[in-house]
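Below is one structure; the comments refer to it alone.
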Amino acid sequence: MSSAVRPAAEPGQDPLDNPAPAVNYRPISTHLAIAPPVSVVIPAMNEAENLPYVFKTLPDWIHEVVLVDGNSTDDTVAVARELWPDVKVVRQLGKGKGDALITGFEACTGDIIVMVDADGSADGHEIVSYVSALVSGADFAKGSRFANGGATDDMTPIRKLGNHVLCSVVNAKFGARYTDLCYGYNAFWRHCLDKIELDCTGFEVETLMNIRVVKAGLKVQEIPSHEYLRIHGVSNLSAVRDGLRVLKVILTERSNRRGQPRRARGVPFRTRQGEVS
């Protein structure tokens with residue numbers, strides 16, 4: 001369902017003579033309607049069993065779903081197309097979550113981009129909160145499991161400690177005020193990508209984005225989010241390995257103070273694209 005609003009006429013002009021086209025709005029709740037199209041990016045590799053849980057929570061008002069397939073050997077693509085017939089499937093050419101997200105962002109046509117994991121840990125019903133923050137003035141809506149109202153069912157004590165320490169370092173070094181650092185449920189205006197060049201391929205891409213939006217002076221709003229347990233399969237996360245990679249990103253960004261973030265040697269955002277089908 002949508003409604004149309006005609007822009008106001010110029011002073012002294014008859015409103016009936018106003019030739020400006022109508023603007024289509026999509027109601028997304030009982031008190032909010034938006035015009036910007038919303039793209040949801042889902043990086044997935046062998047997540048056929050989890051996708052039904054992911055897709056059933058996605059709101060029907062979103063503009064498009066972009067599934068980035070990391071060379072799955074199960075029925076991930078077929079299941080996605082059955083659940084969401086208009087899904088845009090992009091086949092990932094490289095490896096890693098960062099590479100998958102960069103590939104997915106390239107394929108998006110919406111003004112707002114939402115990042116959602118394919119393991120069933122994210123609740124698509126929360127997307128309305130992210131979009132509300134963006135249309136209310138934020139540039140980047142950052143999910144937080146530790147903000148008031150957030151929660152997590154999927155973090156061990158050691159991972160919580162590591163996340164807290166790394167988050168504190170980022171806050172101290174970059175002037176941020178984050179309550180959560182290593183979380184992949186985020187949303188942002190597409191134009192933000194012009195200011196936060198992405199140049200890493202692994203899980204640490206989320207930390208890199210969080211740092212660079214602050215360095216770019218973008219307005220960030222945290223959104224309380226509940227992270228659920230992965231439904232099927234085993235996570236590829238490693239507390240020690242990925243924690244060290246996140247720390248390396250923090251130290252590298254701290255030393256990179258002048259100008260725009262340096263571009264990657266191997267993953268320039270504007271040129272690396274997957275195969276859309």
(message) Modelling each spin label as a point 7 Å along the Cα-to-Cβ direction, I'd like the Lys56/Asn171 distance in nm, to one decimal.
(response) 3.7 nm
(message) Please list 3J(HN,Hα) in residue order for the range 103-119, calculated via the Karplus relation 6.51 cos²θ - 1.76 cosθ + 1.60 where θ = phi - 60°; whole Hz, with x for glycine and proline.
(response) 4, x, 4, 4, 8, 6, 10, x, 7, 10, 10, 10, 9, 10, 6, 9, 8
(request) For a quick protection proxy, order the peptides 49-55, 25-31, 245-251 by their average other-Cβ count within 10 Å, most packed first. (result) 49-55, 245-251, 25-31
(message) To make sure I understand the rule: partners must be lysines, Cα under 24 Å from the Cα of Lys88, and not fewer than 8 residues away in the same chain. Which ones qualify?
(response) Lys56, Lys97
(message) Please state the shape class of the range 127-229: rounded when a/c is under 1.5, otherwise prolate if a/b exceeds b/c and oblate if not, all from the C-alpha gyration tensor.
(response) oblate
(request) Within the set of other residues whose C-beta is less than 13 Å from the C-beta of Thr179, count the net charge using Lys and Arg as +1 and Asp and Glu as -1. (result) +2
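Bear in mind these aren't lab numbers, they're just calculated from the coordinates by the rules spelled out. Predicted model, so just to flag it, every value in this text is computed and none were measured. We place every Cβ from the backbone using ideal geometry, glycine too, and count neighbours over all the protein chains shown.
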